[in-house]
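Right, one structure below, let's go through it.
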Amino acid sequence: MAYTEEELKKELETKEYEYGFYTDIESDTLPVGLNEDIIIAISKKKEEPEWMTLWRLEAFKYWKEMEEPEWANVHYKKPDFQSISYYSAPNKKPKYNSLDEVDPELLETFKKLGISVDEQKKLAGVAVDIVMDSVSVATTFKKTLAEKGIIFCSISEAIKEHPELVKKYIGSVVPKRDNFYAALNSAVFSDGSFCYIPKGVKCPMELSTYFRINQAGTGQFERTLVIADEGSYVSYLEGCTAPSRDENQLHAAVVELIALDDAEIKYSTVQNWFPGDKEGKGGVYNFVTKRGLCEKNAKISWTQVETGSAVTWKYPSCILKGDNSIGEFYSIAVTNNFQQADTGTKMIHLGKNTRSTIISKGISAGKSQNSYRGLVQVNSRAENARNFSQCDSLLMGNECGAHTFPYIEAKNKTAQIEHEATTSKIGEDQIFYCNQRGIDTEKAIALIVNGFSKEVLNKLPMEFAVEAQKLLEISLEGSVG
Amino acid sequence: MAFESNVDIEHPVHDLRTEAMKNFELKGFPSKKEEAWKYTSLNSLQKIDFSIFPKEENALEYKEVKKYFLHEIDSYKIVFIDGIYSSYLSETTHDGVDICLMSSALTKPMYRPVIDVYFNKIASKDESLTTLNTAFSREGAYIYIPKNKMPKKPVEIIHFSTGNEASLLLQPRNLIIAEENAELQVIERHQSLTSNEVLTNSVTEIFAADNAIVDYYKIQNDAENASLIDNTYIDQKSKSAVSVHTFSFGGKLTRNNLNFYQNGQHVDSTMKGVTILGNKQHVDHHTLVHHIEPNCESHQDYKGIYGENATGVFNGKIIVDKIAQKTNAFQQNNNLLVSDKATINTKPQLEIFADDVKCSHGCTIGQLDEDALFYLQSRGIPKKEARALLMYAFANNVLASVRIPEVKARINKLIAKKLGVNLGFDL
């Protein structure tokens, strides 16, 4: 064969992180370390009401009692939580009315990222809430949304302006003491997005947040809260990138989705944090807690394309509390070089006639380890619960690993659960078939990987699907044309 | 502890035992906090004050226990009553092959070369219950099949507990070696005869050399006061084929730790199981297949039917090492939940480090097909029988690979009995 695995390996190794650049923006950064004073300082900087400060302090109390989880199939040097700066905000922080007022350097950053705000504004009709180093800098399309009664703003703004909603829902799906990282996030979260869709409203555009870790030595702890009131619909996009840096950066986010009766939330993520260089140095630790709650007839659909981060620890989950509610999880996780990913989902069936679908595609290359870890739980009162899970892994090269840890717990006799998993490599006969038809090996691999991921790519909103496809190509460049 | 007086310090494996004891003292009984014991709690067993060494020898009449033997065919028999060998009920041999006792294999110098090479070599040295067995086991079956030999008939290993002790802890230890081209069939059974508590913590080591064939059948149909922790370790060399069939119908708490290590190429490993439970029974199947060398295959197929308050656990783990290219590993776990209070927890797990492999696992939890049930009923088959027929069919493909027809017939009868029906045809 013209194209050997040796060549593939070499190409993958020499492939550099395209989004690795550092924008020199003055930042307002708190001293490193974590204690009650820091938390109070964060809260004060954000001009938060007292209940929020207390809420944070309580979370911090729980966090101190907790231990860092070790059950995941990932190995890394534990971050030193006392050497992280828990707050870093772009310094010149006017209250923008229009994009023109935004720091031109910041805009330049976005341009390099290819998500130029104004371009997106015009072309895609996407409202973007950008979180750069923890502070939401620009929120566009606010007015159009406001006409429909939709609230889309940064979480700190929401705390000030819509305290009743935040107070009611924050921590209701991911409690403060849920896990180590969720507790940490609850204590120190610096910003994030808030979204409320009123009763019966179908959000006219895709809402989008773009995260980016910029400042060295900062952890990003953003908090997202999406509430879809009865009968409403929203599609929410989230994308993440980080400049390349030698030390590991920590990212511990919490995302809470609440879908009330008959509501539907579609949450899509494209994650492209810096994965570390080819020696496995640097990269982002991505320890995220994402969970959604479905009331009656509600539907939550998670779609994720995970190509970045040195270590990923992420399980977007659905609690199917209401009768007839639906949970979906579509995932592509690509690991290369020394990346490690332990990702999957939890589907907790509590209500009657609840349904869930899990489609997970893992692609491992280089020396990476890629794990699917999932839980399907059917409780004793969840009559007629239905689940279908499929996890497929594709291995490229013989130094990587693919792992599957599906937990299935059924306590109701009417439950119907199917799980299937396969592991394979790209077949020589498949490549031969393409070669024979004049498609070179590189293109053939691209074709096959694309086909392998199609089921999930199809679930992404159009603009995102294009970007995701591009990312897949970058991540596996050399193997994918 | 008062164990010392019962332990022979001069014993050749004394050092192994001391080591094992140290490990157990360090680890203690596994708790639910450990991933491997997440779904099975040993708390209820730890509350019972088990006697470890039976005080007296007990005898049984053959006619009392005949039904527990595979009496339709002739077989070698190694029978233990309350952990003590019963020469009266047994039939051992040294005619070309050794089918005898662990205690004599451990003490007689002529077996020393074999013991040195094999004893405690594949059994885990840090899994706490296995080391507990290594520390205290005194008796069990010893089977050695030399090169190119095959015993004339299958071997039955049966453990009876008489209930003369209020609660008894048994720790049998079996060592089974099939040398090159050897072939062997073993049927193992644990049977408690009264309603007194019994806990068996058994360890079996099986070594299959090049081209050896070993079929092992575990019939777990004990009384519902008996608990069993069955640890089996299998070492396979090139082109060997080992199959283990586990039929779990009885017992209070059963935990099967079945571990296959493929230390050769072109190895074939098969593990199959039928589990049918009711009441408050709990069965936990933990399988591990470690593909260490290239070009090997493994096949797993476990079927479970859970009624009443029963709990079933399946945890199947397949590890494919980096050099184990061209591995074919298949795993299938199908479950029927027939009661609202029954629970099934399953975790089919793959850990793959090689790229040129075919690995798949499938897992389902479901109910009987209403249409199929209706079809049978419309043809005059009563509902209960129709259900039983469907359940029987559900479990049937596991039975297809049973190579001793009498064992198959016996299992069929046990299934019919467990399902509470007479299917009206000779199963």
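Every number here is computed from the coordinates shown, using simple stated rules; none is lab data. Keep in mind the model is a prediction, meaning the values are calculated, not measured. Neighbour counts run over all protein chains shown; Cβ positions are idealised from the backbone, glycine included.
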Quiz prompt | At most 11 other Cβ within 10 Å, DSSP loop - chymotrypsin sites (Phe, Trp or Tyr not before Pro), region B:346-427 | solution = B:Phe425
Quiz item: Can you give the relative contact order of chain B as a percent, counting alpha carbon pairs under 8 Å and 6+ residues apart?
Solution: 9 percent
Quiz prompt | chain B: most fluctuating residue of B:Pro154, B:Pro113, B:Pro146 per GNM, C-alpha cutoff 10 Å | solution = B:Pro113
Quiz item: Net charge near A:Tyr315, counting Lys/Arg +1 and Asp/Glu -1 over other residues with Cβ under 10 Å of its Cβ?
Solution: +4
Practice problem: Net charge near B:Lys239: determine it from the other residues with C-beta under 12 Å of the C-beta of B:Lys239, scoring Lys and Arg +1 and Asp and Glu -1. | Solution: -4
Quiz prompt | Ratio Rg/Rh, restricted to region B:249-380 and using Cα atoms, in which Rh is the Kirkwood radius | solution = 1.08
Exercise. Report the charge-dipole magnitude of region B:370-427 in Debye, nearest 20, computed about the Cα centre from +1 at each Lys and Arg Cβ and -1 at each Asp and Glu Cβ.
Key: 240 debye
Quiz prompt | Estimated distance in nm for a label pair at B:Gln265 and A:Trp71, the labels positioned 7 Å out from Cα along Cα-to-Cβ | solution = 4.1 nm
Quiz item: Binning every alpha carbon pair distance of chain B at 20 Å from zero, what are the percents per bin?
Solution: 26, 60, 14, 0
Practice problem: Could you check the simple spin-label distance between B:Glu35 and A:Ile40, using points 7 Å along Cα→Cβ, in nm with one decimal? | Solution: 4.2 nm
Quiz prompt | For A:Gln377, net neighbour charge (Lys/Arg +1, Asp/Glu -1) across residues whose Cβ lies under 10 Å away | solution = +1
Exercise. May I ask you to order B:320-328, A:336-344 by the average number of other C-beta atoms within 10 Å around their residues, highest value first?
Key: A:336-344, B:320-328
Quiz item: Do the alpha carbons of any pairs in B:Lys237/B:Lys408; A:Lys266/A:Lys367; A:Lys266/A:Lys361 sit beyond 25 Å of each other, and which pairs?
Solution: B:Lys237/B:Lys408; A:Lys266/A:Lys367
Exercise. Please give the peptides A:62-69, B:404-411 ranked by average Cβ packing (other Cβ atoms within 10 Å per residue), highest first, as a rough proxy for protection.
Key: B:404-411, A:62-69
Self-check item: Above-threshold pairs, the threshold being 21 Å between Cα atoms, out of A:Lys443/B:Lys326; B:Lys121/B:Lys347; A:Lys176/A:Lys411; A:Lys411/B:Lys32
Solution: A:Lys443/B:Lys326; B:Lys121/B:Lys347; A:Lys176/A:Lys411
Quiz item: From the cross-link list A:Lys45/A:Lys281; B:Lys280/B:Lys303; A:Lys168/A:Lys290, which pairs have alpha carbons spaced over 25 Å apart?
Solution: A:Lys45/A:Lys281
Self-check item: Computed label-point distance, nm, for sites B:Glu72 and A:Lys78 using a 7 Å Cα→Cβ extension
Solution: 6.0 nm
